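Colleague: Have a look at this one before I ask anything.
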Amino acid sequence: MKDRPILITTIILTLFVELIIIGLVFKEVDSQRLPSQILRVLFQLILIGFIISKKSNAALLALTGFHIFTAILHFGALDKSGLVGVLFIIYHIVIGVIIYFHDWFEEKLKIKNT
């Protein structure tokens, strides 16, 4: 865990935000969308498991792709979601970029332990 601090911090932030989103969606529409929300988080947890245990670059790419794809999908709903939708899109794009380029950020900040 000490060798990839930006990646680990980003993953923890992602999981925290996902749990908040699940809670807000559950509060708003009850349990109708809960199965799809749980599948989304389960998919991310599987990828995160591969990233942490096997240091899988394919899983990093898949998780990045998931976030970018989610952002692209929400472009179509901007007229309904307004500012929250824009923030959601920005969040997913930023998280995707940080996950993909975590090595570069750690190198520039000189916080990676070797």
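Colleague: How far is helix 34-54 tilted off the main Cα axis of the chain, in degrees rounded to 10, range 0 to 90?
Modeller: Orientation of helix 34-54: about 0 degrees from the principal axis.
Colleague: Any idea how far apart V86 and K110 come out in nm if each label point goes 7 Å out from Cα toward Cβ?
Modeller: Simple spin-label model gives 3.8 nm for this pair.
Colleague: Express the relative contact order of the chain as a whole percentage, based on alpha carbon pairs under 8 Å and six or more residues apart in sequence. Could the numbers behind the result be given before it?
Modeller: Details: 83 pairs, mean separation 42.9, N = 114.
After rounding, I find 38 percent.
Colleague: Once phi is turned into ³J(HN,Hα) by the Karplus curve 6.51 cos²θ - 1.76 cosθ + 1.60 with θ = phi - 60°, what whole-Hz value does each residue of region 21-31 show in order, with x for glycine and proline?
Modeller: 4, 4, x, 5, 5, 4, 5, 7, 10, 6, 9
Colleague: What is the magnitude of the charge dipole of the chain about its Cα centre, with +1 placed on the Cβ of each Lys and Arg, -1 on the Cβ of each Asp and Glu, and no other charges, expressed in debye to the nearest 20? If you can, show how the numbers build up before the last one.
Modeller: Details: 11 positive and 8 negative charges, 59 e Å.
It comes to approximately 280 debye.
Colleague: For region 63-114, what is the accessible area per residue in Å², given a 1.4 Å probe and the full set of protein chains?
Modeller: That works out to 67 Å² per residue.
Colleague: Let me ask another. Compute the acute angle (0 to 90°) between the alpha-carbon long axis of helix 57-75 and the principal axis of greatest extent of the alpha-carbon atoms of the chain; round to the nearest 10°.
Modeller: Here the helix axis deviates by roughly 30 degrees.
Colleague: Kindly express, to the nearest 10 degrees and within the range 0 to 90, the angle between helix 78-100's C-alpha long axis and the longest C-alpha principal axis of the chain.
Modeller: In the chain, helix 78-100 runs at an angle near 20 degrees to the longest axis.
Colleague: Could I ask something else about it? Got a number for carbon plus sulfur as a percent of region 1-72's accessible area, 1.4 Å probe?
Modeller: Details: 3310 of 4460 Å².
For region 1-72, the apolar C and S fraction of the accessible surface comes to 74 percent.
Colleague: Mind checking region 66-114 for trypsin sites (Lys or Arg not before Pro) that DSSP puts in a loop (not H, G, I, E or B) and that have at most 11 other Cβ atoms within 10 Å? Walk me through the numbers before you get to the answer.
Modeller: Details: sites: K80, K108, K110, K112; in loops: K110, K112.
Counting only loop positions with at most 11 other Cβ atoms within 10 Å, the trypsin sites (Lys or Arg not before Pro) in region 66-114 are K110.
Colleague: If I model a spin label at I52 and D3 as a point 7 Å from the Cα along the Cα→Cβ vector, what separation in nanometres do I get?
Modeller: 1.6
Colleague: What is the Rg over Rh value, at two decimals, for the chain, using alpha-carbon atoms and the Kirkwood definition of Rh?
Modeller: On the way: Rg = 15.1 Å, Rh = 15.0 Å.
Dividing the radius of gyration by the Kirkwood radius yields 1.00.
The values are calculated or read from the model by the stated rules, or taken from the named source; none is laboratory data. Since we're looking at a predicted model, the values are computed, not measured. In this analysis, Cβ positions are derived from the backbone assuming ideal geometry, glycine residues included, and neighbour counts consider all displayed protein chains. Note: areas computed on protein heavy atoms with side chains; ligands, DNA, RNA excluded. Shrake-Rupley method; radii C 1.70, N 1.55, O 1.52, S 1.80 Å.
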